[in-house]
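Everything below concerns the one structure shown next.
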Amino acid sequence: MIMLNPLEYLNLLAREAAPVEFERPLLAARQSGTAAEDLAELEEIKLAALRVRALLARRRRREEELSALYDTAGDLAGLRDLDAVLRAIVHRARTLLGADVSYLTLNDPARGDTYMRITDGSVAASFQTLRLPAGDGLGGLVAVSGTPYSSADYGQDPRFRHTKDIDSGVRDEGLVAILGVPLRLGSSVIGVLFAADRTERAFAREEVALLGSLAAHAAIAIDTARLLTETQAALAELSAANTVIQAHSASVERAAAAHDRMTALVLRGGGVEDVAADLVDVLGGALLVLDATGRQLAVAKSAAWPGGLPDLDPADVAEAVAASRGAGRSVQRGDAYVAAVVAGADNLGALLFHPAQPLEGADQRILERAAQITALLLLFRRTVAEAEGQVRGELLDDLIGRPVRDEQALRSRARRLGVDLDAPHVVVAAAGQAEGGLRQRAVSWARTFAAARGGLAVAKDGRLVLILPGADPAGTARTVAKELARALGQPVTAGAAGPVSAPAAIGACYRSADSCTTALIALGRAGEGASNTELGYVGLLLGDRRDVPAFLAATIGPVLDYDARRGTALVKTLEAYFGAGGSLSKAAEVLHVHVNTVTQRLDRIASLLGPDWQTPAQALDLQLALRLHRLSGPLAS
């Protein structure tokens, strides 16, 4: 006798075993002489397991059917080829119903019959070309009645009107069982979708419903294709009519479009680049926008313009701009048109336009209107830049020129300008030889450079001061020195300090940067950029401010902060270590601690100051900072 184990049936269900395998546990129980009541219980378990298996199979099949319907809906959403969509539907019908053949017929209103449109699994040419007269055969009856029909053995089914051609085609294909459902559009039947087997078969109600769903998708695909065809034809007619209208009113259209677009551009805050793009879009050709110094502000070309812009002689351009200003309108020079961009007596630049074809009077007025709009935009840009630069400069001047009393107010002002004073920033102090107009150009450059990077700039005490987001003062100083020198055409010296992450620390950071700049000049390194940490104690000695607290913060600040927070003796350990000439054992004796304790403290110092703290240059700075810290009285720990 064996013990009953219902888990065997769960294992069979888990591995999707065939129904015959569900008899094995029962046969084994019988062979082992299991009692009749236990066999009956095991029989009930088996039947329950088979019911569960059947339920799972039905649900799996339902998932496959729903997936196929979703796929069909996706085909319809991206409908490009009607035949491809119909073939996919017919193939899914054959696959889901497990049929040997599936096919789709469409009604022919002109001939009053139904003809074969798509087949899947068919092998007989005579069957693939069948036409079913209205009411004849199973398909003809479905097409006329709009009702699904099925037959387990079509050849012997007396419900249908058999004809020689239809029966011959069905026999050639070897079909026995046939199911057909109508393709409906509203109340009309436009065709029939079929599934057929070459053996006798009774189609279940669920199979009829599934084929009906696929038939509905096929009907939608056919109607969508018809609507697309009609829409495309209508669009073609509209396009032809639109071409005729445009041909008769091109000049008026261009003028109206240019006026509306340029007016809207000013109202929505567009720029010079937008004016250039609109102009070439309306007139066609290529446009170059120059500022008062001849520097390129914008370039725009129409899609049909070949290659780049023709080379222009600067002297010829200057003469044409002067002529345009004197005449108060655009002038032609060769194939190009030049329109001066002026505001009163202020020369702001010029438009150099190369049209695809010579301009007519109305088109030339459009070019001149574009020059006026460009003048307005440049004036507005200049005014906004000056106002914003003034506001940003005032904020930076308050940060570096006076003690910070209300940090929240400064943070609020900075946020309105898009600056986060609590993020790491580097302060740069730049010095050059700029005079007069060059000085103004340097200030303008600094404001633009800082604003583009989310920073601030101001001119103070003969220096250009910039505060820029970042944590690399040395790299930032070199970038400012290089870029500003390029803009001014003369050397620029830049010293930097930081990073700082609080409004109150920016003033001290500026003083360190300014001292660094002074030290660079004193060292004969004018035209270079460097940070205060790179100069070390040399910057402290040569700087004009002698900012000892800033030097201490830059060299041993992390160690001082750590001792203050944790109550440790890292500063004393450093002094003992340097005083012992780098000997761990001697430093331990001075401190009255174990050598391992000294080693651990030095490891902590390395984590605070960086792995290079013992290099000769940095060690010298550290020893000087320790000496200054010890001599600074109240600052000593």
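The values are calculated or read from the model by the stated rules, or taken from the named source; none is laboratory data. Note that this is a predicted model, so its numbers are computed, not measured. Methodologically, a virtual Cβ is constructed for each residue, glycine included, from the backbone with ideal geometry; neighbour enumeration extends over all protein chains shown.
Structure values in brief
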| item | result |
| --- | --- |
| Near pairs, Cβ below 7 angstrom, 6+ apart or cross-chain, from segment 286-303 (in the same structural domain as Ala343 (by TED's automatic domain parsing)) to any residue that is surrounded by 12 or more Cβ atoms within 10 Å (Cβ to Cβ) and aromatic (Phe, Trp, Tyr) | Ala286/Trp305; Leu287/Phe353 |
| Residues satisfying the stated conditions in segment 173-214, i.e. surrounded by fewer than 22 Cβ atoms within 10 Å (Cβ to Cβ) and in contact with a Pro (Cβ under 8 Å, 6 or more places away or on another chain) | Val189, Val208, Gly212 |
| Residue satisfying condition, being closer than 30 Å to Gly146 by Cβ, part of a helix (DSSP H, G or I), modelled with pLDDT under 80 and not assigned by TED's automatic domain parsing to the domain that holds Pro355, within set Ala257, Ala215, Ala221, Ala240 | Ala221 |
| Qualifying strands (runs of 3 or more DSSP E) (wholly inside segment 146-202; at least 2 residues being within 14 Å of Phe127 (Cα to Cα)) | 188-197 |
| Residue ID - surrounded by the fewest Cβ atoms within 10 Å (Cβ to Cβ), chosen from residues in segment 104-120 that are of a type in the set (A, V, I, L, M) and in contact (Cβ under 8 Å) with a residue 24 or more places away in the chain | Leu106 |
| Selection within segment 194-236 - of a type in the set (Gly, Ala, Ser) and within 43 Å of the chain's Cα centre (by Cα) | Ser213, Ala215, Ala216, Ala218, Ala219, Ala221, Ala225, Ala233, Ala234, Ala236 |
| Tally of residues being without any contact (Cβ under 8 Å) to a residue 60 or more places away in the chain, closer than 10 Å to Pro503 by Cα and of a type in the set (Lys, Arg) across segment 406-425 | 0 |
| Answer from Val90, Val85, Val123, Val101 - the residue that is buried (at least 20 other Cβ atoms within 10 Å of the Cβ) and at pLDDT 90 or above | Val101 |
| Checklist (1) in the same structural domain as Ala530 (by TED's automatic domain parsing); (2) farther than 17 Å from Asn532 by Cα applied to Asp397, failing item | (1) |
